[in-house]
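So the structure is just underneath, and the comments pick up after that.
What follows is calculated from the coordinates using simple rules that are stated; it is not laboratory data. Keep in mind that what you see is a predicted model, and the values were worked out from it rather than measured. Here Cβ is always computed from backbone atoms with ideal geometry, including for glycine, and neighbour counts include all displayed protein chains.
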Amino acid sequence: MHASFLRRISLLAVGALLAAAWFAFAQPAADTSLTSPRETMRVFLEAFATESGQPDLNAAASCLDLGDLPFPVRARQGRNLANELKHVIDRLELVEFDAIPDDSELEQWVFSEELSVPIVLAPDSDGRWLFDRSTVAAITALYQETSERTVVEGVEEAPVTAAIWLRDRVPESLRSGGFILYPWQWLALPILLLLGLLIDRIVVWISYGLLAKPLSGRYDNLDLPGARRILRPTGLLGMAAAWWLGIQWLGLPPQVDAWLDTTLLVLLLLALGRAAFAQIDLLGTALRARAARSENRFQDQLVPFVTKTLKLAVGIFGAVFLIARLGGDVTALLAGLGLSGLAVALAAQDLLKNLFGSITVLLDRPFRVGDWIKIGDVEGVVEDVGFRSTRVRTFYASLITLPNARLIDASVDNYGARQFRRWSTRVQITYDTPPASVDAFCEGIRQLVRDNESMRKDAFEIHLNEFGPHALEIMLYVFFLAPDWSTELRLRHDLALDILRLADRLGVRIAFPTQTIQLEQSSGEPPDA
């Protein structure tokens with residue numbers, strides 16, 4: 001129940017952020033119908049007369065030449081300026097489309113010279129007729145200049161944006177003067193800062209109270225501090241989102257707005273990335289818990305690969321998103337990468353080899369996490385399989401990082417994949433052991449193998465095999481059913497003790513290296529010279 005609740009909350013939060021980001025990041029689309037002063041004025045005014053009753057501010061902003069505005073805030077500033085320009089036009093005159101020229105060959109057309117700055121439309125470099133940059137730069141001043149006028153008869157006034165609505169309700173004394181910003185904006189910034197910190201505390205308190213204990217109780221491999229670490233980024237995300245969305249209400253000057261917007265956007269993306277990483281870690285926790293209950297060890301290897309892939313995708317998406325937001329041409333970037341693909345491929349060939357090596361491990365499954373392997377001169381237990389490398393813990397406790405590129409054409413000796421583990425050794429008994437005792441001793445060892453449930457019954461060899469320099473050598477060739485090396489050693493230990501007890505019971509002595517020296521007594525005469 002709680003996990004389902006968490007998933008719903010996460011989906012709602014991500015959906016809300018994506019919707020807000022889409023609206024905030026949407027750039028005014030270039031309208032191909034802006035072919036004359038009349039068409040531009042028609043598109044501009046019709047954007048405020050939609051069937052839904054809500055103005056299409058992006059369409060209206062597309063009629064403005066916003067080239068002098070910083071790219072990161074061009075969309076938001078353009079919407080506010082379009083709204084203010086509509087306010088100005090509504091207080092000047094009733095627009096008659098037939099009175100506006102439909103000639104695209106004009107150099108410019110002046111809509112009104114009644115105010116301190118004329119409202120002018122002119123074609124841009126692409127031939128689109130727009131309200132020119134001098135008009136755009138003066139829109140806010142013209143808005144203030146016409147604020148005391150009433151709407152002309154026959155015009156329905158459009159609703160204003162949140163930034164304009166808030167500014168118009170600030171006392172007049174706080175809307176004039178000030179350094180860089182108006183006094184009311186200076187007062188609003190620390191309030192917004194405190195509001196973000198408060199939202200952080202509230203979100204953390206709610207998430208800890210509602211979700212931390214249920215999460216830690218649901219997964220055995222997740223304790224309460226771990227659950228809180230996963231939930232902590234939700235507060236940071238709420239704080240960054242509050243700051244970033246809040247500055248859109250302040251109507252800041254373009255340059256200040258662009259600087260704050262970029263800074264807070266980076267902070268928001270970092271918080272969103274950290275929250276996404278936390279959700280991926282939670283997914284990894286759930287998958288590891290499921291893998292622990294499964295006998296399929298492939299899942300143990302797949303979980304870290306999936307989580308790392310998702311985190312890499314989040315990082316790439318965030319980087320591309322930020323580049324696009326700052327005005328970079330992502331399409332041109334991808335095209336440039338295509339043109340320089342050969343150079344990139346040559347520079348990144350080792351990286352690609354390692355990536356293909358990790359894919360080979362996942363698809364061919366030559367080994368899994370926990371297997372005892374030997375690749376060339378590298379031998380040990382696999383601890384982790386990553387994008388670039390595989391980490392192997394040796395039996396002398398060191399950690400070897402093996403590039404995955406070596407796995408593409410390397411011979412992998414996987415001791416961990418063995419169903420049975422072989423023990424080939426020799427039991428040495430003394431030369432004075434009677435043949436009957438030798439035969440009884442060998443048969444007794446065979447019976448020990450038959451009676452042991454952890455040993456292979458269809459493939460073992462126990463015979464008198466060699467006459468050694470100091471002992472009769474009995475070949476012991478057996479297989480243990482052991483999942484790991486530790487179990488194998490324990491089974492060897494038990495069988496060796498059983499063999500010693502059998503030898504003691506039969507009176508057979510285990511041999512050890514001995515030498516017999518024979519001295520021959522001479523006649524006492526010196527040898528011939």
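Taking other Cβ within 10 Å of each residue's Cβ, how do SER116, SER33 sort, fewest first?
Working: SER116 9, SER33 12.
Fewest-to-most Cβ neighbours within 10 Å comes out as SER116, SER33.
Can you sort PHE131, PHE467, PHE321 by how many other beta carbons sit within 10 Å, fewest first?
Numbers: PHE131 24, PHE467 9, PHE321 16.
Final ranking by Cβ density, sparse to dense: PHE467, PHE321, PHE131.
Starting at the first residue of region 131-141, write each ³J(HN,Hα) from the Karplus equation 6.51 cos²θ - 1.76 cosθ + 1.60 with θ = phi - 60°, in whole Hz, x for Gly and Pro.
5, 6, 5, 5, 5, 4, 5, 9, 4, 4, 5
Between ALA459 and TYR431, what's the calculated FRET efficiency when r is the beta-carbon distance and R0 is 51 Å? Round to 0.05. Write down the numbers at each step before the final one.
Numbers: r = 30 Å, r/R0 = 0.59.
Here the calculated transfer efficiency is 0.95.
If we count every other residue with Cβ under 9 angstrom of PRO254's Cβ, Lys/Arg +1 and Asp/Glu -1, where does the sum land? Please report the intermediate quantities before stating the final value.
Numbers: positive: ARG74; negative: ASP68, ASP257.
So the surrounding residues net to -1.
What is the spin-label model distance, in nm, from LEU506 to GLU145 if the labels are put 7 Å beyond Cα along the C-beta direction?
11.7
Restrict the search to region 393-474; then list the GluC sites (Glu not before Pro) that DSSP places in a loop and that have at most 16 other Cβ atoms within 10 Å of their Cβ.
Values: sites: GLU443, GLU453, GLU461, GLU466, GLU473; in loops: GLU453.
Passing both the DSSP loop test and the Cβ count: GLU453.
For region 104-190, state which trypsin sites (Lys or Arg not before Pro) are in a DSSP loop and have at most 11 other beta carbons lying within 10 Å of their beta carbon. Don't jump to the answer; show the numbers that get you there.
Working: sites: ARG128, ARG133, ARG149, ARG167, ARG169, ARG175; in loops: ARG128, ARG149, ARG169, ARG175.
Taking region 104-190 and a limit of 11 other Cβ atoms within 10 Å, the loop trypsin sites (Lys or Arg not before Pro) found are ARG169.
Going by amide H atoms built from the backbone, whose H comes under 5 Å of the H on ASN465, apart from near neighbours?
Here GLU473, ILE474, MET475 satisfy the definition.
Amide H of THR390: which non-local residues (sequence gap of 5 or more, or other chain) have their own amide H closer than 5 Å, using H built in the peptide plane?
LEU402, ASN404
Tell me the net charge near VAL204. Cut-off is 10 Å between Cβ atoms, VAL204 excluded, with +1 for each Lys or Arg and -1 for each Asp or Glu.
Values: positive: ARG201, ARG228, ARG232; negative: ASP200.
Neighbour charge sum, excluding VAL204 itself: +2.
Would you work out if region 433-506 is rounded, prolate or oblate? Take a ≥ b ≥ c from the square roots of the eigenvalues of the alpha-carbon gyration tensor; rounded if a/c is under 1.5, else prolate when a/b is larger than b/c, oblate otherwise. Numbers along the way, then the final one.
On the way: a/c = 1.91, a/b = 1.81, b/c = 1.06.
Taking the square roots of the gyration eigenvalues as a ≥ b ≥ c, region 433-506 is prolate.
Want the number for THR394 to ARG418: 0.36 nm per residue separation, take away the alpha-carbon distance, what's left? Kindly include the intermediate steps, with their values, before the conclusion.
Numbers: separation 24, 0.36 × 24 = 8.64 nm, distance 1.87 nm.
My answer for the length gained is 6.8 nm.
Put a dot 7 Å past each Cα toward the Cβ at THR516 and PHE321; how far apart are the dots in nm?
Result for the modelled spin labels: 8.8 nm.
How much length, in nm to one decimal, is gained on full extension between GLU383 and GLU113, taken as 0.36 nm per residue of separation minus their Cα-Cα distance?
Working: separation 270, 0.36 × 270 = 97.20 nm, distance 7.68 nm.
Working it through step by step, the gained length comes to 89.5 nm.
Kindly put HIS493, HIS87 in sequence by how many other C-beta atoms sit within 10 Å of each C-beta, fewest to most. Show your work: numbers first, answer last.
Working: HIS493 10, HIS87 20.
Exposure proxy ranking, most exposed first: HIS493, HIS87.
Give me the distance in nm between label points sitting 7 Å out from Cα along the Cα-to-Cβ direction at TRP165 and VAL256, one decimal.
Label-label distance for TRP165 and VAL256, simple model: 2.3 nm.
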